[in-house]
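Asks: Can you read through this structure? Questions will come right after.
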Amino acid sequence: MKRHLSIALTLGLILIAFAASSFSVFGQQSSGTQAPASEKQSAPPADKQSEAPRQVAPPDKDDVVRISVTLVQVDAVVMDGKGKYVTDLKPEDFEIREDGKRQPITNFSYVEAPPARPPARVDSSKQPAKTLPTPPSRLRPDQVRRTIALVVDDLGLSFESTAFVRDALKRFVSQQMEPGDLVAIIRTGAGMGALQQFTSDKRLLYAAIERVRWNPTGRGGISAFAPLEGATQTQTDPRGGAGGATGGGQSDMADARARLDRFREDVFAVGTLGALNYVVRGLRELPGRKSVILFSDGFAIYNRPSLTASSIRNGNTSFNSSELQGPTRVYDALRRLTDLANRASVVIYTMDARGLQVLGLTAADNTAGMTASELDDQLQDRRDQFNSTQEGLHYLADETGGFFIRNTNDLNRGIRRVLEDQRGYYLIGYVPEAASFRAARGVPPFHKVSVKVKRAGLHVRSRTGFYGVSDEALRPAPRTPAQQLFSALSSPFASGDIQLKLTTLFGYDLKAGAFMRSLLHIDPDAITFTKEADGQYKAVIDVAAFTFGDSGRVVDQDSRQYTITVPEAVYERIRRQGILYNMNVPIKKPGAYQMRVAVRDDASEKIGSANQFIEVPDIGKKRLTLSGIVAEGADPAKAAKPAAPPPASTEQVQGEASDSQSGPSQRTLRPGMHLKYGFAIYNATVDRATGQPRLEAQVKLIRDGQEYYTGKVAPIKTAAQTDWRQIIAGGTLDLGTRIEPGEYVLQVIITDRLAKEKYSVATQWIDFEVVK
């Protein structure tokens, strides 16, 4: 991965065209104020736009579940006998107890999720013949309605269950996901790189679903249960004749295999819980109440069916500790996970992906040689296994305030129940006694918390307990710089005190092949500069960058420290314009890639992270394809030409930029500015008769998921170009002085009139912001 750190003094023309490339432009700005549409496109004034949807403020930060020496706070959902949610209760309607002792309620509120935004209204008459994906709008915190992590336990799913889960996930994204939803699809067996950022972009979610596959090395087989294999055949006596079973030796081998299978299942179950722990730690940084839906074939807490989750919680555990050495590992991991989820205000819903199972004989079973008693024992073992693995899912959901969905083949109906459960909840708090946080022999006690509703006919669901350790005491001690950077990189969420803006673009070089070009803008406000004795200003920052493939594996990585030393005049410009970090990553194979970057200020130890997914198409398929779009703002008073697509080299060419905030890395524009954009077109079809392609372009502005402006279809002029494998194009859009401040998406749609209809349309988009 090639890197280039530079002070963003002249960011306006940072991305330059390919060397010696010339290009014609559709929609280029002319000097006249009333230019025709083919030369100038203008966004309509704000007063002609439909009113933006109403925004609802998110819950206050105090509405997060907390456990401290001054306040223990739990959330609860109340329903009546018909399954309807009850929202009009008062503090006196509740009773909360810790270890059976009633606690006075000191804090009480009802938190209601903001209503869903209406879906985007699109004029179908303006759409191209081919259905194109809708550009996603980046949600602001006050627009987020639900935060949902869909966790696929590919360490424990059977081949059959994996197919059902994939189908359910696709239907969720296409039919059940609503505006205002932030969603992640995460696999338990794919490691750090599979922890996708939460997004509203359905393209990224579909790409994540494509990576959900059966894991043959996991604990799940082809189907939910292995078929019966019949009675064990007698072995032949080597001296001749038929001998019986080999007695104790064969029995010992069977026992050894059984112990090995149990150990293997325990290891994979702990792996599943560890991946969930990873997700919950990332969710902890987000405000409000979050939900996780786990799709799994289940896992056993203990290998004795008589020890159910309910008996464990009630303390009815009479067993030989030597028998439960392995399973105890699973139970301990469960307790740690549920405590972390309760502190992070994460509700875990679990779903048995096996659906409604036949626990009797099936066509796949072989009962040859079995007696009736042996057959009954085998079928009972199957039922015991099914029930014990369901208990693990039931326990996990019950302890975190969620519910367990089982014995249903309609997984999307179960998802719908979870989504309905997100509409609102009661937040109930009390002041704990000092003894609640007093450890016994160095081990923190576990306290059982129960919430009851006094009104008859109502049912309450809440978290069930916590360890006697305050949130403050659980805060991690200071770590090394490398550990801090890795922690930021491993989080599935962009976060931190240093504001970063990451822009990653796809490009293709005829010699070097496909590549990703990333621009990282670092906000200087959180970077510590010190004035040296010679009058210069100095700052030290650490930068770590990882690129992951769609399998979760690291494609490229780099970590290094930079020392910035500049004179005072340059320092002042840095404070206004920021720091730019350039990255180029060559790509050998097409697919979905993820870029993750973390930046740490050495003096203050402040840290920030950013991540972005990008789809790299297969140029070799000879289908119409667009590069990433380079966009920047321009002062209309100055002559401006369109921006150009990303170069394959790391050379930085600095141009005349009056305001770097509107450059390609920031794209923060003001009303009245012009938006310049550039891109490359690959694999255009050439007319054999004329030797020319026939390409048309259309641009749209999208705001809050709705079309704000749609430009006219215009031909792309290609007379000056000779290499049709790579056509450079672009344009300039006059935003007008009355455009509303906010976040927008520029979408470019290219139509190849000579290509087959199925592959005749390609689109690409990029976001920008308008400020006053």
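Asks: Given the criteria under 30 Å from Arg383 (Cβ atoms), part of a strand (DSSP E or B) and not β-branched (Val, Ile, Thr), does His447 qualify?
Replies: When the stated conditions are applied, His447 does not pass them.
Asks: Turning to a different aspect of this structure: Determine, yes or no, whether Arg461 is open to solvent by 30 Å² or more (accessible area, probe 1.4 Å), among the charged types (D, E, K, R) and part of a strand (DSSP E or B).
Replies: Yes, satisfied.
Residue-wise test of (1) in contact with a Phe, Trp or Tyr (Cβ under 6 Å, 6 or more places away or on another chain); (2) at positive phi; (3) among the small types (Gly, Ala, Ser).
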| site | (1), (2), (3) |
| --- | --- |
| Gln666 | no, no, no |
| Leu675 | no, no, no |
| Ala680 | no, no, yes |
| Gln692 | no, no, no |
| Leu695 | no, no, no |
| Val699 | no, no, no |
| Gly705 | no, yes, yes |
| Tyr708 | no, no, no |
| Ile716 | yes, no, no |
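Asks: Among Phe466, Phe529, Phe506, which is surrounded by 18 or more Cβ atoms within 10 Å (Cβ to Cβ), under 26 Å from the mean Cα position of the chain (by Cα) and among the aromatic types (Phe, Trp, Tyr)?
Replies: Phe506
Asks: Could you please let me know if Val554 is of a type in the set (A, V, I, L, M, F, W, C) and modelled with pLDDT under 90?
Replies: Taking the combined requirement at face value, the residue satisfies it.
Asks: Taking the range 341-370 as the region of interest, how many residues are of a type in the set (Val, Ile, Thr), open to solvent by 10 Å² or more (accessible area, probe 1.4 Å) and free of Cβ contacts under 8 Å to residues at least 60 places away in the same chain?
Replies: Total meeting the criteria: 1.
Asks: Cβ contacts < 9 Å: first residue part of a helix (DSSP H, G or I), restricted to the range 163-177; second residue small (Gly, Ala, Ser), any location; separation 6+ or different chain. Result?
Replies: Sorted first by the residue in the range 163-177, then by its partner, the pairs are Phe164/Ala353; Phe164/Gly355; Val165/Ala353; Ala168/Ala353; Ala168/Gly414; Leu169/Ala208.
Asks: Whether any residue in the range 421-434 is surrounded by 20 or more Cβ atoms within 10 Å (Cβ to Cβ) and either of a type in the set (Asp, Glu) or in a helix (DSSP H, G or I) (or both) is what I want to check.
Replies: no
Asks: Look through Pro586, Pro567 and report the one residue that is surrounded by fewer than 18 Cβ atoms within 10 Å (Cβ to Cβ), touching a residue at least 60 places away in the same chain (Cβ under 8 Å) and not hydroxyl-bearing (Ser, Thr, Tyr).
Replies: Answer to the check: Pro586.
Asks: Shifting gears a bit: Could you say which residue among Arg667, Arg575 is modelled with pLDDT of 85 or more, within 30 Å of Arg738 (Cα to Cα), open to solvent by less than 30 Å² (accessible area, probe 1.4 Å) and basic (Lys, Arg)?
Replies: Arg667
Asks: Next up: His447 is checked against (1) in contact with a strand residue (DSSP E or B) (Cβ under 7 Å, 6 or more places away or on another chain); (2) without any contact (Cβ under 8 Å) to a residue 24 or more places away in the chain and fails just one. What number does that condition carry?
Replies: Every listed condition holds for His447 apart from (2).
To keep it simple, each residue is scored yes or no on (1) surrounded by 22 or more Cβ atoms within 10 Å (Cβ to Cβ); (2) assigned to a strand (DSSP E or B); (3) at pLDDT below 90.
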position: Arg600; (1), (2), (3): yes, yes, no
position: Ala603; (1), (2), (3): no, no, no
position: Ser609; (1), (2), (3): yes, yes, yes
position: Gln612; (1), (2), (3): no, yes, yes
position: Glu615; (1), (2), (3): no, yes, yes
position: Gly620; (1), (2), (3): no, no, yes
position: Ala631; (1), (2), (3): yes, yes, no
position: Pro636; (1), (2), (3): no, no, yes
position: Ala640; (1), (2), (3): no, no, yes
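Asks: Tally the residues that are part of a loop (DSSP other than H, G, I, E, B) and hydrophobic (A, V, I, L, M, F, W, C), restricting the search to the range 71-97.
Replies: Total meeting the criteria: 3.
Asks: While we're on this one: Evaluate the following for Thr504: is it touching a strand residue (DSSP E or B) at 6+ places or on another chain (Cβ under 6 Å) and under 30 Å from Asn215 (Cβ atoms)?
Replies: For Thr504, the condition - touching a strand residue (DSSP E or B) at 6+ places or on another chain (Cβ under 6 Å) and under 30 Å from Asn215 (Cβ atoms) - is met.
Asks: Could you list all residues from the range 375-420 that are among the basic types (Lys, Arg), part of a helix (DSSP H, G or I) and within 30 Å of Tyr110 (Cβ to Cβ)?
Replies: Within the range 375-420, Arg413, Arg416, Arg417 meet the criteria.
Asks: Tell me, please, whether a residue that is hydroxyl-bearing (Ser, Thr, Tyr) and closer than 30 Å to Gln661 by Cα can be found in the range 478-489.
Replies: Looking through the range 478-489, at least one residue is hydroxyl-bearing (Ser, Thr, Tyr) and closer than 30 Å to Gln661 by Cα.
Asks: While we're on this one: I want to confirm something. Restricting to the range 732-744 and keeping residues that are crowded, with 21+ Cβ neighbours inside 10 Å and within 33 Å of the chain's Cα centre (by Cα), which single residue is farthest from Ser662 (Cα to Cα)?
Replies: Looking at residues that are crowded, with 21+ Cβ neighbours inside 10 Å and within 33 Å of the chain's Cα centre (by Cα), I get Ile739.
Asks: How about the range 703-730: which of its residues are assigned to a strand (DSSP E or B) and among the charged types (D, E, K, R)?
Replies: The answer is Arg703, Glu707.
The values are calculated or read from the model by the stated rules, or taken from the named source; none is laboratory data. Predicted model only: the values in this text are computed from it and were never measured. Virtual Cβ from ideal backbone geometry, glycine too; neighbours counted across all protein chains shown. Calculation scope for accessible area: heavy atoms of the full protein, side chains included, ligands and nucleic acids excluded. Shrake-Rupley method; radii C 1.70, N 1.55, O 1.52, S 1.80 Å.
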